[in-house]
1. Checking the structure you have, find out if any residue of the stretch 130-153 is at pLDDT below 95, outside any strand (DSSP E or B), open to solvent by 40 Å² or more (accessible area, probe 1.4 Å) and acidic (Asp, Glu).
2. Hey, can you tell me all the residues within the stretch 35-71 that are open to solvent by less than 70 Å² (accessible area, probe 1.4 Å), under 22 Å from SER159 (Cβ atoms), small (Gly, Ala, Ser) and at pLDDT below 90?
3. Please count how many residues of the stretch 38-64 are touching an Asp or Glu at 6+ places or on another chain (Cβ under 7 Å) and of a type in the set (A, V, I, L, M, F, W, C).
4. Would you be able to tell me the number of residues in the stretch 131-180 that are hydroxyl-bearing (Ser, Thr, Tyr) and within 15 Å of PRO68 (Cα to Cα)?
5. Tell me which residues, restricted to the stretch 112-129, are in a helix (DSSP H, G or I), closer than 21 Å to THR188 by Cβ and open to solvent by 60 Å² or more (accessible area, probe 1.4 Å).
6. With on the phi > 0 side of the Ramachandran plot, out of contact with any Ser or Thr (no Cβ under 9 Å at 6 or more places or on another chain) and modelled with pLDDT of 95 or more as the only criterion, which of GLY166, GLY221, GLY208, GLY185 stands out?
7. What are the residues in the stretch 154-166 that are aliphatic (A, V, I, L, M) and either open to solvent by 30 Å² or more (accessible area, probe 1.4 Å) or in contact with a strand residue (DSSP E or B) (Cβ under 8 Å, 6 or more places away or on another chain) (or both), if any?
8. Please go through the stretch 132-171 and pick out each residue that is under 8 Å from the mean Cα position of the chain (by Cα) and of a type in the set (Val, Ile, Thr).
Amino acid sequence: AENTSTEKIPHVPDHVMVRQIGKGAYGEVWLARNVLGGYRGVKIVQRAAFSDNRPFLREFEGIQRFEPISRSHPGFVGILHVARNAIEDCFYYIMEIADDTVHQQNIQGGSYRPRSLSGDIDRHGKLPVLECIHLGIALIDGLGHLHRHGLVHRDIKPSNIIYIHGTPRLADIGMVATAGEELSGVGTPGFIPKEGPGSPRADIFALGRVLYRAATGNRVGEFPCLPTCVVEDQDWPRFARLNSIILKACAEEASDRYQTCDEL
């Protein structure tokens, strides 16, 4: 949920922090302005927010894994700086800022609202078929790059896909882990296959569910049902082909899915 609080983060100069723009299970996200006037996103993860040390360390380990490759592909949110604050018992990272829903990268601090795929679906109900195809190609390419580095995302969902310069990017990468690493309590219901997260095929399943949401506007729990009037007649052949790809990506049995992003 968005929080427009202007409460300042301790030990940060007045001219730097602008306002808090998000708060989730794994930390706060702030809109920040550097001394040159450029805007950035800052995610701050406090140890005090967790009942034990493991989730805090898990998020930091995700950043450690992802930061070295974050600027190597246009499908990722670039991580620009990572630091720890022992006094406040927290760590934070500075990243590229998402487009504003109205003004793109012409950020206006007081009215800024980050553009995400989740927000696009909420506003439009569903996206045009061609836009869904371009979205899928862009995300698959980025996800494949992540997998080729031996990593998995583990929490792909519409709210974790943001737009920068109009390009969809995989974001909220605190769940990133080495492929095959067994961890419980990660991921989002509806986007997790029955075998659990932690493998490339599980990421492919989640991405298929994302494309289902984008193409139909339905809630993820309604999969594989289609709306009564999903597309115009002239778009039906292309939508039917896209839907067949989504169904295979989201197959219940991992062996029935696409096995790699290249295949998808």
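1. Checking the stretch 130-153: not a single residue is at pLDDT below 95, outside any strand (DSSP E or B), open to solvent by 40 Å² or more (accessible area, probe 1.4 Å) and acidic (Asp, Glu).
2. Passing the criteria: only GLY62.
3. Qualifying residue count for the region: 3.
4. 1
5. Scanning the stretch 112-129 gives ASP122, ARG123.
6. GLY166
7. Selection gives ILE156, ILE161, ILE162.
8. Answer for the stretch 132-171, where residues must be under 8 Å from the mean Cα position of the chain (by Cα) and of a type in the set (Val, Ile, Thr): ILE156, ILE161, ILE162.
The values are calculated or read from the model by the stated rules, or taken from the named source; none is laboratory data. Model, not experiment: these values are computed from the prediction. As a convention, Cβ positions derive from the backbone with ideal geometry for all residues, glycine included, and neighbour counts pool all protein chains shown. Only protein heavy atoms, including side chains, enter the accessible area calculation; ligands, DNA and RNA are left aside. Shrake-Rupley method; radii C 1.70, N 1.55, O 1.52, S 1.80 Å.
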